[in-house]
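Below is one structure, written out as structure tokens, with a few remarks after it.
The values are calculated or read from the model by the stated rules, or taken from the named source; none is laboratory data. None of the values given here were measured: they were computed from a predicted structure. All Cβ positions, glycine included, derive from the backbone under ideal geometry; neighbour counts span all protein chains shown.
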Ligand code: NDP
Ligand code: HSE
């Protein structure tokens, strides 16, 4: 074995990801040493309960409930505990004691990223976080390094495996939301509290991280518009399929050109949206993730693969560990986060997209004209309209068959041209109150074309 310099690696957490990181570090230690140019010595693993069963066979003597001595004695600290505290405190301790840090903690970076990056800048340390968005998929390094000379215009990402698994099974099998969520939990895709997945919080954290990198602007989590998938039902899935779409929970990060007095700005949002079935994102099945990037010079790029899973995510973590080791050997200060563009972040009300509005209306003369009029007054332009009629015969109703029964209900599916969100939501409110609309069945944005 080559006589490399020894770098001390401390691991905080040995759960789904941490146990695999420790196992691979031990299994491929010699190979990783050749790549890093240093022997990566795992000096200890901090956990809550050293006697708890683990996914990997780890030497008992490496496990400890005392993280601090590990942190201060390490050249590289890997944080895989998750959550905000004590992960934040430990990462800051590691940075301040001269270590480079590797983390997969999207919740922490999306809420305390600026504080952590600032602390690293102060001491010339580097923070690596490839696994914090889209698991095993290399997307952080491409955005931070490979595309640093380009201008990213738009990112559309399926960045949450649980919701993609649920929506995919609802689409392909006609399954019900609650049944599939239970399966996603059983298979280990969902967070401990699946609200983080199904209400879009997990995707919003990842969107904040991706947008910050793509637009060289610090994007706080509060600036990300977020909607989850709990309102999506089988009928909406069927209607989407009928119209040639599939419903996906998307993280959309968009650069918007300056116009008039408005400077160039960005929008970051997470919501279920209709995606045409021939779009590359429509073919992302199961718990997989994909990030579709549109850049001014590079054009369209698609990054695809496992967005979760212990061993898959460990791949991204170990890539960061090798990078951290190489940097440590090279010396010099770490490369700080690029956030000087400082672009304004538009609220959702100022964003324009296409929409599909599904309404149930009375099947009476003039109703379509009234609906069209309300849309026109609201500056929402109609692109397509499809009407289907469901008749509910009333006993004793003697109307001739050729005339619509008085209690027929028509379902209108209206596709709009691009409209301002604020105009759209006000218009939908007026439609709901109009007297001709019995029910607003759904309002979904259309993305990707
Ligand atoms: P787990 O919950 O499986 O593991 C957490 C580990 O941290 C456990 O070993 C636990 O110890 C330890 N731990 C928690 N709190 C403390 C504490 N206060 N002191 C010491 N040890 C502590 O998490 P995951 O491995 O799933 O996730 C780790 C990180 O990776 C998270 O930030 C997550 O968001 C991120 N991530 C996870 C992915 C996945 O597929 N799982 C994918 C992408 C990112 P003990 O075992 O004794 O309870
Ligand atoms: N719960 C997350 C998901 C895990 O479903 O994608 C990976 O971040």
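Condition check ((1) at pLDDT 90 or above; (2) assigned to a strand (DSSP E or B)) across all residues:
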| residue | (1), (2) |
| --- | --- |
| 369 | yes, no |
| 393 | no, no |
| 396 | no, no |
| 439 | yes, yes |
| 446 | yes, yes |
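In region 129-138, the condition of being free of Cβ contacts under 8 Å to residues at least 24 places away in the same chain and either within 16 Å of ligand 2 (Cβ to nearest atom) or surrounded by fewer than 15 Cβ atoms within 10 Å (Cβ to Cβ) (or both) is met by no residue. No other residue among 204, 196, 182 is in contact with a helix residue (DSSP H, G or I) (Cβ under 7 Å, 6 or more places away or on another chain), surrounded by fewer than 23 Cβ atoms within 10 Å (Cβ to Cβ) and under 24 Å from residue 311 (Cα atoms) apart from 196.
Scan region 164-181 for residues that are over 18 Å from the mean Cα position of the chain (by Cα) and within 18 Å of residue 202 (Cβ to Cβ) and the total you get is 2. With the structure loaded, tell me whether residue 108 is out of contact with any strand residue (DSSP E or B) (no Cβ under 6 Å at 6 or more places or on another chain) and closer than 30 Å to residue 187 by Cβ or whether it fails that test. It is true that residue 108 is out of contact with any strand residue (DSSP E or B) (no Cβ under 6 Å at 6 or more places or on another chain) and closer than 30 Å to residue 187 by Cβ. Residue check: residue 281 meets all listed conditions (1) in contact with a strand residue (DSSP E or B) (Cβ under 9 Å, 6 or more places away or on another chain); (2) within 16 Å of ligand 1 (Cβ to nearest atom) but one, namely (2). Taking region 1-78 and the helices (runs of 4 or more DSSP H) fully enclosed by it, the elements with 3 or more residues that are closer than 18 Å to residue 316 by Cα and away from ligand 1 (no atom under 16 Å from the Cβ) are at 29-36. Residues that are crowded, with 17+ Cβ neighbours inside 10 Å and either touching a residue at least 60 places away in the same chain (Cβ under 8 Å) or closer than 16 Å to residue 274 by Cβ (or both) within region 426-435 comprise 428, 431, listed in sequence order. In summary, helices (runs of 4 or more DSSP H) completely within region 168-236 and bearing 3 or more residues that are within 12 Å of ligand 2 (Cβ to nearest atom) and closer than 22 Å to residue 337 by Cα occur at 201-215. With respect to being under 22 Å from the mean Cα position of the chain (by Cα), over 24 Å from residue 4 (Cβ atoms), within 16 Å of ligand 1 (Cβ to nearest atom) and touching a residue at least 40 places away in the same chain (Cβ under 8 Å), residue 288 fits the description.
Give 338, 315 a once-over and let me know the one that is at pLDDT 95 or above, out of contact with any strand residue (DSSP E or B) (no Cβ under 7 Å at 6 or more places or on another chain) and either in a loop (DSSP other than H, G, I, E, B) or within 16 Å of ligand 2 (Cβ to nearest atom) (or both). Within the list 338, 315, the selection yields 315.
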